[in-house]
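Undergrad: One structure coming up, written as C-alpha cells, with questions to follow.
Bear in mind these aren't lab numbers, they're just calculated from the coordinates by the rules spelled out. Note that the structure is a prediction, hence the values are computed from the model and not measured. Positions of Cβ are backbone-derived with ideal geometry, glycine not excepted, and every protein chain shown enters the neighbour counts.
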Amino acid sequence: MSQTTGTAPRETRTERRASARPGMPPIATLIAGLLIAASLATIAHIDRMRDLDLRFQAERERMTNALSAHLLGYQLSLAAGAALFEASDDVTRAEWAAFIASTRVRDKLPGNQALGFAQWVPDGERGAHVARLRTELAGYDIRPAGTRPVYVPIVYNEPFAGRNRDVVGFDMYSEATRRAAMDQAAAEGRPVMSGKVILAGEQADQRPPGFVIYAPIRGGPSRELRGFVFGPFRVPDLMAGLARAWDSGIAIRIHDGTAGSTDALLHDTAPADVAPLLTASRPFDALGRQWTLTFHAMPEFDRGFDRYVPWLVLAIGFATSLLVFGMSLTLVKERRLADQLGRAKAAADTANETKSAFVATMSHEIRTPMNGIIGMSGLLLDTRLESDQRRYAEAIRVSGENLLQIVNDVLDLSKLDAGRLEFENVPFDPVAVVASALDIVRPRAQAQNLGLAFGHSGLGNGTILTGDPGRLRQVALNLISNAVKFTAKGRIDVELSVAAEPDGRSAQLTLAVRDTGIGIAADKMALLFEDFFQADVSVARRFGGTGLGLAIARRLVRRMGGEIWAESTEGHGSTFFVRLALPTAAPRPASPVPASVSAAEEKLDRATARRGRPLRALLAEDNATNSTVVMAMLGQHSIRLDTVANGLEAVEAARTTPYDVILMDINMPEMDGLTAARAIRTFAGAKGQVPIVAVTANAFESDRERVRQAGMNGFISKPFRKSTLIEAIADALEPDAGPVAGT
C-alpha cells in the first residue's frame with residue numbers, strides 16, 4: 001500500500017510537466033508574431049509618410065515652376081513692350097493699343113490689370129509735357145500736385161477705359177514703394193517687381209493690395225532713361241489662374257519677404273481650423289522681389305496613399321507565420337519603391353513639361369509679332385527713305401532681332417531642360433566648323449580693332465569626325481563672340497587640336513578661346529556657367545545679354561559627352577576650354593566640283609537684276625547657329641533675309657509677305673518643312689508659287705523624292721558651301737525652274 005501510494009504522486013507531476021511543455025511554442029509564436037507585426041506596421045507607416053513626402057515635394061516643385069513660368073511671361077511681355085519704345089522715338093497711343101491687342105497679353109497673363117507706359121519727366125520739362133498731353137486729353141495734369149525734381153506720370157494705360165483712364169497723369173514716382181522698384185529696374189536694366197501697394201484708382205478697403213512690374217526704357221546715343229513700361233496685377237487674381245491646374249490637397253501661403261508678418265501676407269488658401277499633414281517653406285525670387293512660399297499638405301492630400309496599410313499589416317501578423325511576413329514585406333517594399341519612383345518621375349516630368357510648354361508657347365507668341373516687325377521693317381527698308389527714316393527703320397529691325405535672339409536663348413534653354421533638343425550624328429571637318437564660326441565674328445572684331453587668330457594642330461585639315469557640327473559651331477560661336485564682347489583692346493586667339501585616341505577609332509578634340517579682356521573675378525568663377533549669370537550688374541548694363549549663352553554652351557557640351565571650363569584672372573583676360581571625344585570617320589568621297597563663288601554670285605546678280613530691286617528671302621531654320629551662318633553667307637548680297645524657327649511661322653510669314661524665295665529646313669518643331677511647303681502650295685496666286693529650296697542634313701535619294709513630292713524647287717544638304725547656297729537660290733529663281741535640283 002505504501003509503495004502504491006508513494007508512486008502515484010510522482011506520475012501525476014510528470015504528466016503535468018509533459019502536458020505543460022506543448023503549450024509554450026504557441027505562446028512564443030504569438031508573442032513573436034505580435035512583435036513582428038508591430039514592427040512591420042511601424043515600417044509601413046514610415047514608408048507611407050516617406051512616400052507622401054516625396055509626392056508633396058514633387059507637387060511643390062510643380063507649383064513653383066508654374067508660378068515662375070507665369071512671372072516669366074510678364075517679364076517677356078514687358079521686355080517686348082520696352083523694345084517697341086526703344087525702337088521708336090514716338091510710339092502713339094493708338095500704336096500702343098494695337099500692340100497690346102496683337103499680343104493678347106491680358107488673355108494669357110492671369111491677374112494683369114493693365115499694361116501701360118509712364119514717361120520720365122524732369123521738373124524743367126513738366127510744362128511742355130503737360131501742354132503736349134492736353135492736346136490729346138483735355139484737363140490732363142500730373143498728380144499729386146506739388147513740385148518735385150522728377151515725375152514719372154502714367155501716359156498710356158491699356159485697356160484705356162474706366163479706372164485705367166482715370167489714373168492717367170498719376171505720378172508713380174511720388175510714392176516710395178513704386179519709386180524704389182523703378183530705381184532698381186533702371187539700375188539693373190531688367191523688369192523688377194515693386195513691393196505691396198494699393199493699385200492706382202483703388203481704395204485700401206475695396207480690393208486686395210497688388211504689385212507693379214516695371215521695365216526700363218532707354219534711348220538715344222547716351223542711352224538715357226525715357227520711362228518705364230509697367231504692368232499692375234493682384235496676387236489673388238494671379239493665383240486663381242494657376243489654382244485650376246494644382247492639386248486641391250495643397251494649400252499655399254505667400255508672404256512678401258520672410259514669413260511671419262501679417263502685413264506681409266499676400267495670399268492664403270490654408271484653412272485656419274485644419275491641421276496640415278506636412279508643411280514646407282522656400283524663398284522665391286519674384287522678379288527682383290523676395291517672396292516666401294509656404295506649402296501645406298492638407299488631409300485630403302493623403303487620399304489613395306495606403307492609409308490603412310499599417311493596420312492591415314498588424315492584422316495579418318496575427319494569422320501568418322514569420323516566412324509569410326518576410327515574403328510580404330519584400331513584395332510590399334518592392335511595389336512601393338516602384339510606385340514611389342514612378343510617381344516622383346511622373347510628377348517631375350509633368351512639372352518640366354508644363355514649364356517647357358509655357359515657355360515654348362510664349363516664345364512662339366512673341367516670335368510671331370516680332371517676325372512681323374522684322375519683316376515689315378525689311379519691306380520698309382526696300383523703299384526710298386530719307387536718311388533719318390532709314391536710320392529709324394534700321395533701329396526697329398536691329399531691336400527686333402536682338403529681342404528675337406533673347407527669345408531663342410530662352411527656348412533653347414527650355415528644350416535642353418526638357419531633353420527635347422535633337423543632336424545630329426554626321427561626318428564633319430572640325431577645322432571648317434570652327435573657321436565658319438570665326439568668319440561670322442570677324443567683322444565685329446575688325447570693327448573693334450581686335451586681332452583674331454586661328455591655329456590648329458593634330459591630324460590636319462583632312463580630319464573627319466562624327467557628331468553634330470551645328471552644335472559644335474554654336475558652342476564655338478558663343479565662346480568667340482563672348483571674347484570679342486568683353487575685350488576692349490588686344491587680341492583673341494582660337495586654338496583647335498585633334499589628337500587620335502589609342503583605339504584608332506576616335507579622337508579627342510580640344511578647343512581653346514583666349515582673350516585679353518576684362519577677365520572674371522575668382523569669387524564669380526563657380527557661377528560662370530549658371531543660368532542668367534552676369535558677373536555683376538555693371539557688366540550687364542555695359543555689355544547687355546541674357547546671361548544664358550555660357551549655360552547653354554555647357555549643356556550642349558555635356559549632351560555631347562564632353563566638358564567645358566574656364567581659367568581667368570580679373571583684368572588680364574580669360575581662356576575657355578572645350579574637350580570632346582568623338583568617333584573618327586572615313587574621308588568623304590570627292591563630290592562634283594561646285595561652281596565658284598564668283599560664278600554663282602554672277603548668276604544670283606542676274607536674277608536680282610531681272611527684278612530691279614533687292615531680293616526678299618525667308619529662312620525657316622530652328623537652329624540659331626545655322627541661321628547665323630546663312631545670314632553671314634548672304635550678308636554681302638542684295639537680299640533682305642527674314643528668319644523663322646518652325647514650319648508654322650514659315651507658313652504665316654509666306655501668307656503675309658511676298659517673298660522671292662524660301663529656304664526651308666526639313667526637321668523643325670511645331671511643323672516640319674515638308675508639311676509647311678505643302679501648305680504654302682495651297683495659296684492662291686504668286687504666293688503659292690514662290691520657289692522653295694529644301695535645306696537638310698539628309699542626302700539620300702529618298703529624301704529628294706520626299707522633297708519633290710512636297711512641291712519644292714531645290715535641295716541642298718548640310719554642311720554646304722557658300723557657292724552651293726548662292727547657286728541653289730539663283731537656280732530656283734530661274735523662270736523655268738522645275739522641282740528639286742541642287743546637291
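Undergrad: What are the residues whose amide H is under 5 Å from the amide H of residue 289, where those residues sit 5 or more places off or on another chain and H is modelled from the backbone?
TA: For residue 289, the qualifying residues are 193.
Undergrad: How far apart, in nm, are two points set 7 Å out from the Cα along the Cα-to-Cβ line at residue 380 and at residue 526?
TA: Result: 4.9 nm between the two label points.
Undergrad: Also, quick follow-up: Would you mind computing, in nm to one decimal, how far apart the modelled labels at residue 709 and residue 268 are, each placed 7 Å from Cα along Cα→Cβ?
TA: 6.5 nm
Undergrad: OK, next. At most 16 other Cβ atoms within 10 Å and a DSSP loop assignment: could you name the trypsin sites (Lys or Arg not before Pro) in the range 459-531 that fit? Intermediate results must be reported in sequence, preceding the final value.
TA: Values: sites: 471, 473, 485, 489, 491, 505, 514, 524; in loops: 489, 505.
Those that pass, being in a loop and sparsely packed, are 489, 505.
Undergrad: Just check the range 470-524 against the gyration tensor rule for me: Cα atoms, a ≥ b ≥ c as the square roots of the eigenvalues, rounded for a/c under 1.5, and otherwise prolate or oblate depending on whether a/b exceeds b/c.
TA: Details: a/c = 2.53, a/b = 2.22, b/c = 1.14.
Verdict is prolate for the range 470-524.
Undergrad: With unit charges on the beta carbons (Lys and Arg positive, Asp and Glu negative) and the dipole taken about the Cα centre of the range 69-134, which residue among 72, 97, 112 sits farthest to the positive side?
TA: Farthest towards the positive end: 112.
Undergrad: Within the set of other residues whose C-beta is less than 13 Å from the C-beta of residue 562, count the net charge using Lys and Arg as +1 and Asp and Glu as -1.
TA: Numbers: positive: 471, 554, 555, 558, 559, 579; negative: 468, 563.
Net charge in that neighbourhood comes out at +4.
Undergrad: If you don't mind, another one. Taking the range 642-716, which chymotrypsin sites (Phe, Trp or Tyr not before Pro) meet the DSSP loop condition and have no more than 15 other C-beta atoms within 10 Å? Intermediate values should be presented prior to the final figure.
TA: On the way: sites: 659, 683, 700, 715; in loops: 659, 683, 700.
In loop regions of the range 642-716 (DSSP not H, G, I, E or B), the sparsely surrounded chymotrypsin sites (Phe, Trp or Tyr not before Pro) are 683, 700.
Undergrad: Using a Förster distance of 60 angstrom, determine the FRET efficiency expected from the C-beta separation of residue 350 and residue 224, and round it to 0.05. Intermediate results must be reported in sequence, preceding the final value.
TA: Details: r = 46 Å, r/R0 = 0.77.
That pair, residue 350 with residue 224, gives E of 0.85.
Undergrad: Can you tell which of 615, 723, 696 lies farthest toward the positive end of the dipole of the range 601-731, using +1 and -1 charges on the Cβ of basic and acidic side chains (Lys, Arg; Asp, Glu)?
TA: Going by the charge dipole, the pick is 615.
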